[in-house]
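Encoded as structure tokens, the structure appears first; notes follow it.
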Amino acid sequence: MLPQLHRHPWMGEEIEAFREQVRRYVAGELSPNLDGWRRQGFIPREVWRPFGEMGFMLPELAEEHGGAGASLAYQLAVQDELAKAEVPANTAVHTIAAHYILDYGTEAQKQRWLPKLASGETLAGIALTEPGCGSDLKSLRTRARREGDEYVIDGAKTFITNGFSANLLVVAVRTGDAGSRGVSLVVLETENLAGFRVGRRLEKLGQHASDTAELFFDGVRVPASHLLGEKEGNGFVQLMSQLPYERLLLCVPAAAVIERAVELTVEYTKQRKAFGQSLADFQNTRFKLAECATLAHVVRTFINDCTQRLLDGTLDDEAAYMAKWWCTEQQGKVTDECLQLFGGYGYMAEYPIARLYADARVQRIYGGTTEIMKDLIARRLLA
Ligand SMILES: Cc1cc2nc3c(=O)[nH]c(=O)nc-3n(C[C@H](O)[C@H](O)[C@H](O)COP(=O)(O)OP(=O)(O)OC[C@H]3O[C@@H](n4cnc5c(N)ncnc54)[C@H](O)[C@@H]3O)c2cc1C
């Protein structure tokens with residue numbers, strides 16, 4: 001069934017073997033616990049320690065930073081397998097945070113944080129969004145005031161993935177005047193950090209195993225050496241220049257979920273009977289399945305092309321924006337069409353298709369909304 005979708009041009013035998021290891025680990029150690037994690041609303045941080053020890057957390061980091069010196073393709077293979085198994089995006093966010101430190105941190109900062117992020121001893125989150133600003137990040141208000149060798153942080157963040165479970169956060173703060181040039185990134189080690197408080201764990205439409213929290217900073221003091229990079233005011237540029245890679249971390253799961261939805265629906269419609277025949281015998285079902293399988297193929301082909309260009313260092317921002325909005329919109333469309341073919345069972349949370357549908361909705365919102373992606377593409381087109 002859809003065999004060609006699983007052959008990735010950028011994948012060699014070594015990555016396939018690695019992917020197989022990840023798949024087996026996820027099936028044996030993570031999948032059996034997912035229902036419990038959904039009920040409690042978070043995946044315990046300790047779960048990621050053995051995952052990191054297996055080399056699955058940040059394989060792309062250099063050995064001196066705790067990784068395996070592998071290519072980014074290995075990380076994308078991990079995200080692909082996690083998404084297929086319905087494990088939410090917690091490690092994608094962790095990966096993005098680690099890459100900020102890798103790309104902008106001083107050597108001392110890399111030595112301090114990266115090995116523990118790679119081993120899974122530390123779980124990271126990225127805190128950008130605030131109650132008053134999401135898409136319009138440059139208007140953020142959480143302030144970091146310099147006092148001697150420290151920053152004193154006051155403000156609030158919301159919708160933060162891993163906000164409850166993380167013990168390290170990359171936080172966007174205002175160190176200067178209004179606008180993008182006044183934004184910096186600081187790294188917070190949050191365990192026993194005075195003035196730092198996790199607020200509510202927010203109840204969501206989907207992604208129930210992933211914690212999404214409010215965070216409060218009330219006179220939080222961090223050493224000035226925790227400013228990411230050498231000088232203040234670079235935060236916005238730092239955030240923007242990581243984006244093509246971040247977008248792919250969200251697109252690969254879109255491709256994986258679309259494929260899974262089609263597989264589940266083919267199986268179901270073959271065995272479910274109505275009016276004396278299987279659902280798969282109705283022409284409407286056959287056409288819908290054909291349409292969804294075509295989208296699965298086109299999405300995967302697009303993502304493979306973007307991945308290859310990312311690995312070659314030629315992935316342009318526009319292609320990444322296009323991939324982010326288009327692939328996640330197809331994820332919404334395919335999971336919706338597939339759910340319809342399950343009838344009432346498709347609406348029941350115990351059926352994976354119901355969860356894939358609900359989990360998919362946020363993909364068009366976080367990591368830059370569909371509208372913001374289109375705006376960015378249009379700006380380049382019309383410049
Ligand atoms: C489950 C979940 C997890 C998340 N995880 C994180 C996280 O880990 N870290 C983090 O920092 N944030 C996180 N977010 C926040 C997410 O990135 C924001 O929700 C997103 O950027 C949109 O911001 P907003 O919610 O403030 O919506 P708004 O910016 O208020 O947008 C509302 C609507 O207006 C549209 N809009 C806004 N500006 C324009 C424009 N210029 N042109 C056209 N339309 C526009 C938007 O597209 C959207 O449809 C998460 C959100 C969710 C739901």
**Item:** Residue within region 341-357 that is in contact with a helix residue (DSSP H, G or I) (Cβ under 6 Å, 6 or more places away or on another chain) and within 16 Å of the ligand (Cβ to nearest atom) present
**Value:** yes
**Asked** Among the helices (runs of 4 or more DSSP H) contained in region 26-93, which hold 1 or more residues that are of a type in the set (Ser, Thr, Tyr)?
**Response** 72-84
**Request:** Identify, by number, the condition in (1) touching a strand residue (DSSP E or B) at 6+ places or on another chain (Cβ under 8 Å); (2) assigned to a loop (DSSP other than H, G, I, E, B) that GLN207 doesn't meet.
**Result:** (1)
**Request:** Would you check which residues across region 159-187 are touching a helix residue (DSSP H, G or I) at 6+ places or on another chain (Cβ under 8 Å) and farther than 21 Å from SER139 by Cα and list them?
**Result:** ASN162, SER165, ALA166, ASN167, LEU168
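Out of everything in region 154-182 that is more than 30 Å from GLN207 (Cα to Cα) and touching a residue at least 40 places away in the same chain (Cβ under 8 Å), what residue ends up being surrounded by the most Cβ atoms within 10 Å (Cβ to Cβ)? Show your work before the answer.
Residues of region 154-182 more than 30 Å from GLN207 (Cα to Cα): 174-182.
From what's left, touching a residue at least 40 places away in the same chain (Cβ under 8 Å): 175-176, 179-182.
Numbers: THR175: 22, GLY176: 16, GLY179: 12, SER180: 16, ARG181: 16, GLY182: 18.
Filtering first and then ranking leaves THR175.
Mind listing just one residue for me: the one in region 122-140 that is in a loop (DSSP other than H, G, I, E, B) and either touching a strand residue (DSSP E or B) at 6+ places or on another chain (Cβ under 6 Å) or more than 17 Å from VAL237 (Cα to Cα) (or both) and, of those, farthest from the ligand (Cβ to nearest atom)? Give the derivation first.
Kept after step one, since they are in a loop (DSSP other than H, G, I, E, B), are these residues of region 122-140: 122-123, 128-129, 131-132, 134-136, 140.
Subset that is either touching a strand residue (DSSP E or B) at 6+ places or on another chain (Cβ under 6 Å) or more than 17 Å from VAL237 (Cα to Cα) (or both): 122-123, 128-129, 131-132, 140.
Details: THR122: 16, LEU123: 12, LEU128: 3, THR129: 3, PRO131: 8, GLY132: 8, LEU140: 10 Å.
Restricting to residues being in a loop (DSSP other than H, G, I, E, B) and either touching a strand residue (DSSP E or B) at 6+ places or on another chain (Cβ under 6 Å) or more than 17 Å from VAL237 (Cα to Cα) (or both), the top hit is THR122.
Out of GLY52, GLY67, report the one residue that is modelled with pLDDT of 95 or more and farther than 30 Å from LEU205 by Cα. Walk me through it before giving the result.
Working: GLY52 fails: farther than 30 Å from LEU205 by Cα.
Being modelled with pLDDT of 95 or more and farther than 30 Å from LEU205 by Cα holds for just one of GLY52, GLY67, which is GLY67.
Which one is nearest to HIS99 (Cα to Cα) among residues in region 177-206 that are more than 12 Å from the ligand (Cβ to nearest atom) and touching an Asp or Glu at 6+ places or on another chain (Cβ under 6 Å)?
From region 177-206, those more than 12 Å from the ligand (Cβ to nearest atom) are 177-184, 186-200; that's our starting set.
Of the ones still in play, those that are also touching an Asp or Glu at 6+ places or on another chain (Cβ under 6 Å) are 184, 195, 199-200.
Details: SER184: 16, GLY195: 27, GLY199: 26, ARG200: 27 Å.
Only one residue tops the list, namely SER184.
From the list LEU193, LEU114, which residue is among the aliphatic types (A, V, I, L, M), outside any strand (DSSP E or B) and not assigned by TED's automatic domain parsing to the domain that holds LYS231? First the steps, then the outcome.
On the way: LEU193 fails: not assigned by TED's automatic domain parsing to the domain that holds LYS231.
Answer to the check: LEU114.
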**Condition check for ALA224: over 21 Å from the mean Cα position of the chain (by Cα), more than 16 Å from the ligand (Cβ to nearest atom), of a type outside the set (Phe, Trp, Tyr) and not assigned by TED's automatic domain parsing to the domain that holds ALA92** = yes
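The values are calculated or read from the model by the stated rules, or taken from the named source; none is laboratory data. If you're wondering where the values come from, they're calculated on a predicted model, not measured in any experiment. Heads up, the Cβs are rebuilt from the backbone with ideal geometry, glycines too, and the neighbour counts pull from every protein chain shown.
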